[in-house]
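Undergrad: Sending over a structure as structure tokens; questions will come in a sec.
The values are calculated or read from the model by the stated rules, or taken from the named source; none is laboratory data. The structure displayed is predicted, hence computed values, not measured ones. For neighbour counting, all protein chains shown are included, and Cβ atoms are generated from backbone atoms with ideal geometry for every residue, glycine included.
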Amino acid sequence: MRHLLSTQDLSREDAVRILDTAEEMAAVGEREVKKLPALRGRTVVNLFFEDSTRTRISFEAAAKRLSADVINFSAKGSSVSKGESLKDTAQTLEAMSADAVVIRHWASGAPERLARSGWIDAAVINAGDGTHEHPTQALLDAFTMRRHWSRLAGSDSTAADLAGMRVAIAGDVLHSRVARSNVWLLKTLGAHVTLVAPPTLLPVGVEHWPCEVSYDLDAVLASGVDAIMMLRVQAERMNDSFFPSTREYSRRWGFDDGRLAALDALGLKDTIILHPGPMNRGLEISSAAADSPRSTVLAQVRNGVSVRMATLYLLLSGDLRRTAPTHGVRAVKIPVEIPETAL
Amino acid sequence: MSSEATAAGSARTVLTAADIDRALTRIAHEILEANKGSQDLVLLGIPRRGYPLAQRLAGKLAATDPSVTAHAIVGQLDVTMFRDDLARQPTRAPERTQLPVTGIDDKVVVLVDDVLYSGRTIRAALDALVDLGRPRAVRLAVLVDRGHRELPIRADHVGKNLPTSSFEKVRVRLSETDGADEVLIEAAQ
């Protein structure tokens, strides 16, 4: 692996390797000295063109626990607001000899551009680009599910995948890079994925994705799921009315108290509820659901640091110049912004 | 000589299964003698082959001293993240670090590895230990010492001193990891 741009070009072997490494990294977080010297002298730049709390903090904590130096860069208050291009910003980072660039950008495909353009030599990690992908989020979701299921089975999670697991991803799929990354990664790991959303919040071409699609959350729950992932309604990306009212949305596609009770009634006692955060409580998820023992929201944040440590370690340790680039630099089709007429 | 060793051609068996067992029995007694008993002993094996060796040593300690519970004093110490050659080698996946429930604070930690060569692995292990606690003393037990040290490190307990050329390869095979117990020397290719 040279870059981590998308979960589409992660093989099962690569994905399991990242999760297994993350498992060892998680053990470090439970120790008194939460630090490893593995990336001493390496520089990681957090290049954030879009607001973020947990992803940036998570990457920063991950890099610091591996003893790397961290430079945080956010577009606000930088020369980007004076009109500096991505290329010039990237070359500035190159001149400062960054070893890895963690990039979040509002434009789908920006990390791909950075990785393939030859502007910089550093490893590029996609921390969310537009409505395209957010691979480390999908990896931490998979990690959370794998841990939960292997604890249920009483087995060691190392080397396991998610074969046979039923995962429902519900909500604003159209604007969700988390959903896209998860669909591909969960498929690679052998899980069965069902997307649940109002028709207006499903992207064009979703029928070609390796998953099932439903408009009815209750029917999907009734069919039995091992994990349900609620997506945030991304009001900041919505420039049109995608559903009649927030009330109607929460009643039909939100995980409310009634559906929480329904899980018990259906006998799904081990089903977990995931949410990538930040949560709109009362809209896509009710407070009771978010704070219930089924919710893994805080575990996801904790696991995020471990997964990002694993990613940074696997990308940055080892002699990059001698190992041939394998995955990550393959051409990936970037989804085009959906024209409104298509909806 | 096993069929694998014959297939390797230039490989020469230097320790048989019986030799390995005798060496471990002697090391177990040496550990008890040096420690004046079994109190506060913790055996930490370095992956991969140090760990099964540590388990076997603990078994032998328990056989000699009934107050020892073998599984309660054995752990595994991964040193991958502390190596000084991380930037020069292909990426290595870390292994699990698992300490006995008693921890290592104020214990006598015996590091166990299969082959002592440059000493760099042990250097990394000492660094890893510092982050996990503060043992009263740290000792080193190895099955084979093949010389060519690059750091001022020596073993307290050695199964066999094996003078080698740095072009040769010492291969330790254990039944837990490789299906058979033997130590081979392979000539340079």
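Undergrad: Which ones in region B:53-108 are among the aliphatic types (A, V, I, L, M), in contact with a Gly (Cβ under 9 Å, 6 or more places away or on another chain) and more than 25 Å from A:Asp14 (Cα to Cα)?
TA: Start the filter on region B:53-108 by keeping residues that are among the aliphatic types (A, V, I, L, M), which leaves B:53-54, B:57-58, B:61-63, B:68, B:70, B:72-74, B:77, B:79, B:81, B:86-87, B:93, B:99, B:101, B:104, B:108.
Okay, now just the ones that are also in contact with a Gly (Cβ under 9 Å, 6 or more places away or on another chain), so B:53-54, B:57, B:70, B:74, B:77, B:86-87, B:99, B:104.
Passing the criteria: B:Leu53, B:Ala54, B:Leu57, B:Ala70, B:Val74, B:Leu99, B:Ile104.
Undergrad: Still on this model: Do we find that B:Ser166 is among the hydroxyl-bearing types (Ser, Thr, Tyr) and closer than 23 Å to B:Leu24 by Cα in this structure?
TA: Values: among the hydroxyl-bearing types (Ser, Thr, Tyr): yes; closer than 23 Å to B:Leu24 by Cα: no.
No.
Undergrad: Which residue, of A:Ile338, A:Ile334, A:Ile273, is at pLDDT 95 or above and not in a helix (DSSP H, G or I)?
TA: Values: A:Ile338 fails: at pLDDT 95 or above; A:Ile334 fails: at pLDDT 95 or above.
Going through A:Ile338, A:Ile334, A:Ile273 in turn, the sole match is A:Ile273.
Undergrad: Give the number of residues within region B:90-108 that are out of contact with any Leu (no Cβ under 9 Å at 6 or more places or on another chain) and polar (S, T, N, Q).
TA: Selection size over region B:90-108: 1.
Undergrad: Looking for something farther than 23 Å from A:Val178 by Cβ, buried (at least 16 other Cβ atoms within 10 Å of the Cβ), hydroxyl-bearing (Ser, Thr, Tyr) and in the same structural domain as A:Met309 (by TED's automatic domain parsing) - is there at least one such residue anywhere in region A:36-47?
TA: Yes, that holds for at least one residue.
Undergrad: Does region A:113-136 hold any residues that are crowded, with 19+ Cβ neighbours inside 10 Å, of a type in the set (S, T, N, Q) and assigned to a loop (DSSP other than H, G, I, E, B), and which are they?
TA: Across region A:113-136, the qualifying residue is only A:Thr131.
Undergrad: Taking only region B:92-106 into account, find how many residues are surrounded by 13 or more Cβ atoms within 10 Å (Cβ to Cβ), more than 8 Å from chain A (Cβ to nearest Cβ) and aliphatic (A, V, I, L, M).
TA: Going through region B:92-106, the residues surrounded by 13 or more Cβ atoms within 10 Å (Cβ to Cβ) turn out to be B:92-100, B:102-104.
Restricting the remaining residues to those that are more than 8 Å from chain A (Cβ to nearest Cβ) gives B:98-100, B:102-104.
Subset that is aliphatic (A, V, I, L, M): B:99, B:104.
The qualifying residues number 2.
Undergrad: In region A:33-62, what residues are closer than 23 Å to A:Thr144 by Cα and either without any contact (Cβ under 8 Å) to a residue 12 or more places away in the chain or part of a loop (DSSP other than H, G, I, E, B) (or both)? Reasoning before the result, please.
TA: Of all residues in region A:33-62, those closer than 23 Å to A:Thr144 by Cα come to A:34-36, A:52-62.
Within region A:33-62, A:Lys34, A:Lys35, A:Leu36, A:Ser52, A:Thr53, A:Ile57 qualify.
Undergrad: Among what's in region B:60-91 and is over 14 Å from A:Pro37 (Cα atoms) and among the β-branched types (Val, Ile, Thr), pick the residue that is surrounded by the most Cβ atoms within 10 Å (Cβ to Cβ).
TA: Kept after step one, since they are over 14 Å from A:Pro37 (Cα atoms), are these residues of region B:60-91: B:60-77, B:88-91.
Okay, now just the ones that are also among the β-branched types (Val, Ile, Thr), so B:64, B:68-69, B:73-74, B:91.
Numbers: B:Thr64: 14, B:Val68: 19, B:Thr69: 12, B:Ile73: 22, B:Val74: 24, B:Thr91: 18.
So, considering only residues that are over 14 Å from A:Pro37 (Cα atoms) and among the β-branched types (Val, Ile, Thr), the one surrounded by the most Cβ atoms within 10 Å (Cβ to Cβ) is B:Val74.
Undergrad: Separate question: Name the residues in region B:179-188 that are assigned to a loop (DSSP other than H, G, I, E, B) and either closer than 18 Å to B:Arg26 by Cβ or among the polar types (S, T, N, Q) (or both), would you?
TA: Filtering region B:179-188 for residues assigned to a loop (DSSP other than H, G, I, E, B) gives B:179-181, B:187-188.
Hit for region B:179-188 is B:Asp181, nothing else.
Undergrad: Still on this structure, please answer the following. Just wondering, is there one or more residues in region B:21-33 that are within 17 Å of the chain's Cα centre (by Cα), of a type in the set (Lys, Arg) and buried (at least 16 other Cβ atoms within 10 Å of the Cβ)?
TA: no
Undergrad: Failed condition for A:Met1, given (1) assigned by TED's automatic domain parsing to the domain that holds A:Ala310; (2) part of a loop (DSSP other than H, G, I, E, B), with all others met?
TA: (1)
Undergrad: Could you list, in sequence order, all residues of region B:32-47 that are in contact with a Pro (Cβ under 8 Å, 6 or more places away or on another chain) and closer than 8 Å to B:Gln76 by Cα?
TA: Here is the first cut: in region B:32-47, the residues in contact with a Pro (Cβ under 8 Å, 6 or more places away or on another chain) are B:42, B:45.
Matches in region B:32-47: B:Gly45 only.
Undergrad: Would you say A:Lys87 is away from chain B (no Cβ under 14 Å) and either touching a His at 6+ places or on another chain (Cβ under 6 Å) or in a loop (DSSP other than H, G, I, E, B) (or both)?
TA: Judged against the criteria, A:Lys87 is not a match.
Undergrad: Here is a follow-up. When you scan region B:112-178 for strands (runs of 3 or more DSSP E) that lie fully inside it, which ones turn up with 3 or more residues that are surrounded by 16 or more Cβ atoms within 10 Å (Cβ to Cβ) and free of Cβ contacts under 8 Å to residues at least 12 places away in the same chain? Full working, then the answer.
TA: On the way: elements: B:137-145, B:157-161, B:169-173.
Here the list is empty.
Undergrad: Name the residue, out of A:Leu263, A:Leu283, that is part of a loop (DSSP other than H, G, I, E, B) and crowded, with 18+ Cβ neighbours inside 10 Å.
TA: Numbers: A:Leu263 fails: part of a loop (DSSP other than H, G, I, E, B).
Among A:Leu263, A:Leu283, only A:Leu283 is part of a loop (DSSP other than H, G, I, E, B) and crowded, with 18+ Cβ neighbours inside 10 Å.
Undergrad: Considering region B:92-111 alone, what residues qualify as being over 23 Å from B:Val183 (Cβ atoms) and assigned to a strand (DSSP E or B)?
TA: B:Gln98, B:Val108, B:Val109
Undergrad: Filter the strands (runs of 3 or more DSSP E) completely within region A:137-248 down to those with at least 1 residues that are free of Cβ contacts under 8 Å to residues at least 40 places away in the same chain and surrounded by 24 or more Cβ atoms within 10 Å (Cβ to Cβ). Lay out the reasoning, then the answer.
TA: Working: elements: A:166-170, A:192-196, A:212-214, A:227-230.
By residue number, A:192-196.
Undergrad: Exactly one condition in (1) in contact with a Lys or Arg (Cβ under 9 Å, 6 or more places away or on another chain); (2) in a helix (DSSP H, G or I); (3) more than 9 Å from chain B (Cβ to nearest Cβ) is not met by A:Val28; state its number.
TA: (3)
Undergrad: Among the residues of region A:308-331, write down those that are in contact with a helix residue (DSSP H, G or I) (Cβ under 9 Å, 6 or more places away or on another chain) and either away from every other protein chain (no Cβ under 14 Å) or modelled with pLDDT under 50 (or both).
TA: Correct list: A:Arg308, A:Thr326, A:His327, A:Gly328, A:Val329, A:Ala331.
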